[in-house]
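Note sheet for the following structure.
The values are calculated or read from the model by the stated rules, or taken from the named source; none is laboratory data. Not measured: the values here are computed from a predicted model. Reconstructed Cβ throughout: ideal geometry from the backbone, glycine too, with neighbour counts over all protein chains shown.
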Amino acid sequence: MAARPFAAGATARWRALILSPNALGIDVVQQDGVVLRSTRDNAHRAMATVQATLGELVVAAAPHPDVAKALVLTASGSLFLLDTETGIAETLCDALVDPIALTIDADERLAAVLGNDDAGYQLTLIELDSGIVGATVPAPPDELYTKM
C-alpha cells in the first residue's frame, strides 16, 4: 500500500475507510492508530478531525454490525471495539498471535482473525458481544492462495 502524505512531510498508511451510519461521513483508520473523521463533502485531510488515537500500529479495521462502531486489529494482538461517534475504544481481546487480517461475520456476530506464527497460518474466532476467544484452527496452506 502506498504511503499518503500528510502534515509536515510525514506519511501515514490507511488501513480502512469506514462509512458513517448516515453515509455522510468517513472514518479513516491509519496504520499509526489515528482515526480521522471527515464529512463526505469535505473529505480531505485539512477538514478531518482526530476521532481517536489508539497508540498502537493497526493491521486492519472493519465496520462493526452495530451502528457507529468499528473493530480495529493491532499488530500487538489486540482487537479494539471503537465507538466511532465518541472515539472511545475498549479492548475486546488482547490475546491474538501475529495478526495479519480481520473479517467480520455480522450474522453470527463473530470476528475472524488470520494470524501467522511459527506454526503457520491460523484463524481465531472472537465473539463480538463478549470478546470471548473461541476456536483457533489452522488456516488452509499457502499453496491454495498462490494458485488463484
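Test residue 120 against the criterion of being more than 11 Å from the chain's Cα centre (by Cα) and over 16 Å from residue 30 (Cβ atoms), and give yes or no.
yes
Give the residue that is surrounded by the most Cβ atoms within 10 Å (Cβ to Cβ), with candidates limited to residues of segment 116-134 that are part of a strand (DSSP E or B) and among the polar types (S, T, N, Q).
124
For residue 54, only one of the following conditions fails: (1) surrounded by fewer than 19 Cβ atoms within 10 Å (Cβ to Cβ); (2) over 18 Å from residue 132 (Cβ atoms). What is its number?
(1)
Test of understanding: among 137, 113, which residue is aliphatic (A, V, I, L, M), part of a strand (DSSP E or B) and in contact with a Pro (Cβ under 6 Å, 6 or more places away or on another chain)?
Selected residue: 113, the only one of 137, 113 that is aliphatic (A, V, I, L, M), part of a strand (DSSP E or B) and in contact with a Pro (Cβ under 6 Å, 6 or more places away or on another chain).
Are any residues in segment 91-110 farther than 13 Å from residue 130 by Cα and either outside any loop (DSSP other than H, G, I, E, B) or not acidic (Asp, Glu) (or both), and if so, which ones?
Residues satisfying the conditions are 95, 96, 97, 99, 100, 101, 102, 103, 104, 105, 106.
What pairs come out if I take residues in segment 49-75 that are under 18 Å from residue 21 (Cα atoms) and pair them with residues that are in a loop (DSSP other than H, G, I, E, B) and β-branched (Val, Ile, Thr) whose C-beta lies under 6 Å away, six or more apart or interchain?
Note: pairs meeting the criteria are 68/84; 70/84.
Just checking, which of 86, 91, 74 is under 20 Å from residue 27 (Cβ atoms), surrounded by fewer than 16 Cβ atoms within 10 Å (Cβ to Cβ) and modelled with pLDDT of 95 or more?
91
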